[in-house]
Each structure stands twice: as C-alpha cells, then as structure tokens.
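To start, the structure itself, in structure tokens.
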Amino acid sequence: MRISLSSLALSLALAGCGGGSDTPATDAGVQTRADRVAALTGDVAAGQLQYENNGCSGCHGANGQGTYAGVALNGPMKSDSKVEIINVVLGGKGTNMPAFGSLEDQAVADLYAYMKATFGK
Ligand code: HEC
C-alpha cells in the first residue's frame with residue numbers, strides 16, 4: 001500500500017513535469033511559429049542530416065520504424081496535420097519527446113520535408 005501510493009505520487013509528479021503544462025500564452029506562441037515553419041519549403045537532404053544529427057533517428061529509428069524510446073513515424077501518427085507535426089517537433093510532447101524549438105525555422109521545415117518524403121508524413 002505504501003509503495004503503490006508513493007509510485008502514484010511519482011507518476012503524478014512526472015506527468016506534471018511533462019511538456020503538456022505550458023501556459024496558453026506559450027502554446028499560442030509555439031502555434032504561431034509552427035504556422036510560419038509550415039509555410040517554408042523544406043529541403044529533404046538537409047532534413048535527413050537534421051534527423052540524424054539531432055538524435056531523432058536514435059529514438060524514432062533510422063527508417064522511422066520506432067524504438068523503445070520513440071514511437072514509429074512511418075505508420076499512422078497521432079498528429080494528423082503538418083502544423084501539428086511541426087508543433088510537436090518545436091514544443092516536444094509528453095515526457096519523452098524533447099522540444100527542438102532551438103532549431104532554426106528552416107531546419108524544422110527541412111525535417112518535416114524529410115519525414116514527408118521518407119515516411120509519408
Ligand atoms: C528521446 C527520444 C526522442 C527524440 C530524441 C525525438 N523524439 Fe520524437 N517522439 C518521442 C516520443 C516518445 C514521442 C511520442 C510522444 C507522445 O505522444 O507522448 C515522439 C513523438 C514525435 C512525433 C509525433 C508522432 C505522432 O504520432 O504524432 C514526431 C513528428 C516526432 N516525434 C518527430 C521527432 C523529430 C523530427 C525528432 C528530432 C528533431 C525527434 N522526434 C526526436 C521521442 C523522441
């Protein structure tokens with residue numbers, strides 16, 4: 001009983017630390033940037049380098065097949081629009097998808113172009 005209560009407290013604490021606790025103002029800022037990135041034309045080859053150099057392949061697999069650390073990107077996704085996918089990359093998601101908001105807009109557009117060309121997303 002004692003153990004299950006403390007692990008419940010731990011999972012609540014972890015959930016609280018996740019990327020979902022942003023204020024509405026922050027979310028609006030990220031959304032605006034995602035729209036801007038979505039309007040850029042990405043370069044597939046540059047995006048492949050970004051995918052490898054930023055560790056995306058480490059969690060999502062070189063072919064988007066997914067690993068124990070990251071969901072598959074080459075099948076059905078939870079994110080169902082270009083802007084939503086870009087938003088996940090910029091702002092992160094849940095406890096394990098890091099935010100890549102420090103990347104240049106063009107780099108994120110390139111990443112999207114690579115995922116679209118390679119994984120159909
Ligand atoms: C430390 C592991 C890790 C790294 C590094 C990582 N991801 Fe993720 N990513 C995840 C996890 C875990 C999720 C699922 C998040 C969730 O749904 O709670 C995810 C979700 C996503 C999604 C949304 C998938 C869906 O079904 O909607 C996209 C797109 C994505 N990642 C792209 C990237 C890109 C591009 C990079 C590199 C710039 C990257 N990820 C780096 C772990 C990672």
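The values are calculated or read from the model by the stated rules, or taken from the named source; none is laboratory data. Since the structure is predicted, the reported quantities are computational estimates derived from the model, not experimental observations. So basically every Cβ, Gly included, is an ideal-geometry build from the backbone, and we count neighbours across all protein chains shown.
Descriptive notes on the structure:
- Count - residues of the range 70-113 that are in contact (Cβ under 8 Å) with a residue 60 or more places away in the chain and of a type in the set (Phe, Trp, Tyr): 1
- Across the range 96-110, the qualifying residues are those that are of a type outside the set (A, V, I, L, M) and near the ligand (Cβ under 7 Å from one of its atoms), and the one among them that is nearest to Asp43 (Cα to Cα) is Phe100.
- Exclusive hit being among the small types (Gly, Ala, Ser), over 12 Å from the mean Cα position of the chain (by Cα) and within 9 Å of the ligand (Cβ to nearest atom), set Ala69, Ala62, Ala46: Ala69
- Only listed residue being at pLDDT 95 or above and touching an Asp or Glu at 6+ places or on another chain (Cβ under 8 Å), chosen from Leu90, Leu40, Leu111, Leu103: Leu40
- Test: residue in the range 60-67 that is surrounded by 14 or more Cβ atoms within 10 Å (Cβ to Cβ) and touching a strand residue (DSSP E or B) at 6+ places or on another chain (Cβ under 9 Å): yes
- Look at the range 45-61: where a residue is under 18 Å from Met77 (Cβ atoms) and a partner is assigned to a helix (DSSP H, G or I) and aliphatic (A, V, I, L, M), sitting 6+ places away or on another chain with Cβ atoms under 7 Å, you get Gly47/Leu111; Gly47/Ala113; Tyr51/Leu111.
- Residue check: Ala46 meets all listed conditions (1) modelled with pLDDT of 95 or more; (2) touching a Lys or Arg at 6+ places or on another chain (Cβ under 9 Å) but one, namely (2).
- Test for Val83: is it hydrophobic (A, V, I, L, M, F, W, C) and either out of contact with any Phe, Trp or Tyr (no Cβ under 7 Å at 6 or more places or on another chain) or near the ligand (Cβ under 8 Å from one of its atoms) (or both): yes
- Members of the range 70-101 that are part of a strand (DSSP E or B) and not hydrophobic (A, V, I, L, M, F, W, C): Gly70, Lys93
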